[in-house]
Amino acid sequence: MILIAESISPLELGTADMKNFKEFISESVNIAGDFTGNLYMNGQSEQEPTNEEHFYADVVWEGKIYRLQFATEHKGLPSREELAEHIQNEYPGGIVHNIYPVIEANKNYRVKSVERYQPEALTWKTEL
């Protein structure tokens, strides 16, 4: 009876697809990542570029003026009334005063940043 492991010479075992040390050391691998947990090998991103458009809106909420930045996949700006309807879940009673395009619009509006106007300092303060 011949065992399978004994039928193969130790020099032939596993050498068909192995690299030598010099080939192994000469390879370079670039690993990059983003803050959402994605890793990219050799600089190749798996994500497709997004067609998001951005705009700002001045919103009065709880007696304060906020500037909200939105991202959407739809073209064009919404009306003040339409945007006011969409923000009522997060900003109940919020009134949209102005909408500013940022040369780059989705019916599923997402707030990207919030700034509150501070009249005492005549500046905008980032919130969130």
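Numerical summary
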read-out: Radius 14 Å from Cβ of Arg116, net charge of other residues (Lys, Arg +1; Asp, Glu -1); value: -2
read-out: Ranked list, fewest to most other Cβ atoms within 10 Å of each Cβ, for Ser113, Ser26; value: Ser26, Ser113
read-out: Calculated FRET efficiency for the pair Ser26/Val111, C-beta based, R₀ 41 Å, to 0.05; value: 0.25
read-out: If the convex hull is drawn through the Cα atoms of the range 53-127, its volume per residue in Å³; value: 82
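Rule-based calculations on the coordinates, nothing more; no lab input. The structure presented is a predicted model; accordingly, all values stated were derived computationally and were not measured. Every residue, glycine as well, gets a Cβ built from its backbone with ideal geometry; the counts of neighbours run over all protein chains shown.
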